[in-house]
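Reading through the C-alpha cells given below for one structure.
The values are calculated or read from the model by the stated rules, or taken from the named source; none is laboratory data. Since the structure is predicted, the reported quantities are computational estimates derived from the model, not experimental observations. Backbone-built Cβ (ideal geometry, glycine too); neighbour counts: all protein chains shown. Note: accessible area is taken over every heavy atom of the protein model, side chains too, but ligands, DNA and RNA are not part of it. Shrake-Rupley method; radii C 1.70, N 1.55, O 1.52, S 1.80 Å.
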Amino acid sequence: PLVGLPLHDFEDLLYPQYERLCRQVVATARETLSVRRADKALARKLSLEAGRPVIHVHRVAFDFAGKPVECRSTTGSADGFQYEIEIR
C-alpha cells in the first residue's frame, strides 16, 4: 500500500501509517549512526565537496514477534548535525 502512495499523502509520523495502511505495528527499532566521508558520487548528490563528513543513519524496525518490518538508510551532511531522541 505504501509503494503507490503519493508523496503528499505521507503523514508526519510513519509508524501510525504503517499500522493503519499495512496492519504492521512497530514494537522496537535498532538504529546505528556512523560518520563517513562523502565519495565523489555522494558528494555530488548532496552538493558537497568530496571527502566532507556525512552522517549515515541505518534503522531496522521490528514487530512484536521480532520480524523486521522496516529497513532504511539515510545519509546527509554532518554540518550542523544534531540527533535528538525521546524515549518513553
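Data overview
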| quantity | calculated |
| --- | --- |
| Given [x] 0.97; [y] 1.04; [z] 1.11, the label whose value is Rg/Rh (Cα atoms, Kirkwood Rh) derived from this model | [y] |
| For the range 22-88 and the range 5-19, distance of Cα centres in Å | 18 Å |
| Accessible area per residue, Å², the chain with all protein chains present, probe 1.4 Å | 79 Å² |
| Environment charge at LEU42 (Cβ cut-off 13 Å; Lys +1, Arg +1, Asp -1, Glu -1) | +4 |
| Accessible surface of the chain [probe 1.4 Å, protein heavy atoms]: carbon and sulfur percent | 53 percent |
| Of ALA65, ALA78, ALA38, the one that fluctuates the most in a GNM where the chain has Cα springs shorter than 10 Å | ALA65 |
| The chain: most fluctuating residue of GLU11, GLU70, GLU49 per GNM, C-alpha cutoff 10 Å | GLU11 |
